[in-house]
Amino acid sequence: MILIVFKYLTPRGFRGLTFYPFVFLADKDDKLNKVFINHEKIHIRQQLELLILPFYLWYFTEYLFRLIQYKDRKQAYYAISFEREAYAKEKDLDYLKSRPFLGFVRFL
């Protein structure tokens, strides 16, 4: 994982964007935020499991499905299975040590 602070690559309203192997951060202080970094590490693992490109196809497709379902961009984002897993487990700094393969599936 390579951390890069460059707020112009991070969508407005977001603190970070993970694009394997890079994590783009809007704020340099987030480099020291262990919970935030763990959240992004979970996304790195998800991307690797799905061989990167399929991750983004699934992510975008699921986002569109959730957007139709909820008719709200923010609610659709938080309902994506990848985000649900990352937010649910971000405070467990040991999660990746015991995380099952394709662990995000439990959050569909």
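The figures follow:
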{"item": "Segment 1-15 residues that are touching a residue at least 40 places away in the same chain (Cβ under 8 Å), paired with ones that are in a helix (DSSP H, G or I) (beta carbon under 8 Å, 6 or more apart)", "result": "Met1/Glu40; Met1/Lys41; Met1/Ile44"}
{"item": "Qualifying position, being over 16 Å from Tyr87 (Cα atoms) and polar (S, T, N, Q), among Thr18, Thr10", "result": "Thr10"}
{"item": "Any hit, segment 82-102, residues being more than 26 Å from Phe6 (Cα to Cα), touching an Asp or Glu at 6+ places or on another chain (Cβ under 7 Å) and in contact (Cβ under 8 Å) with a residue 40 or more places away in the chain", "result": "yes"}
{"item": "Qualifying position, being hydroxyl-bearing (Ser, Thr, Tyr), assigned to a helix (DSSP H, G or I) and in contact with a strand residue (DSSP E or B) (Cβ under 9 Å, 6 or more places away or on another chain), among Tyr56, Tyr87, Tyr78, Tyr63", "result": "Tyr56"}
{"item": "Flag for Ile44 being in contact with a Pro (Cβ under 9 Å, 6 or more places away or on another chain), in a helix (DSSP H, G or I) and closer than 22 Å to Gly13 by Cβ", "result": "yes"}
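Each value in this text was obtained by applying a stated rule to the coordinates, not by laboratory testing. Everything numeric here is computed off the predicted structure, so don't read it as measured data. Don't worry about glycine lacking a Cβ; one is built from the backbone with ideal geometry, like all the others, and counts go over all protein chains shown.
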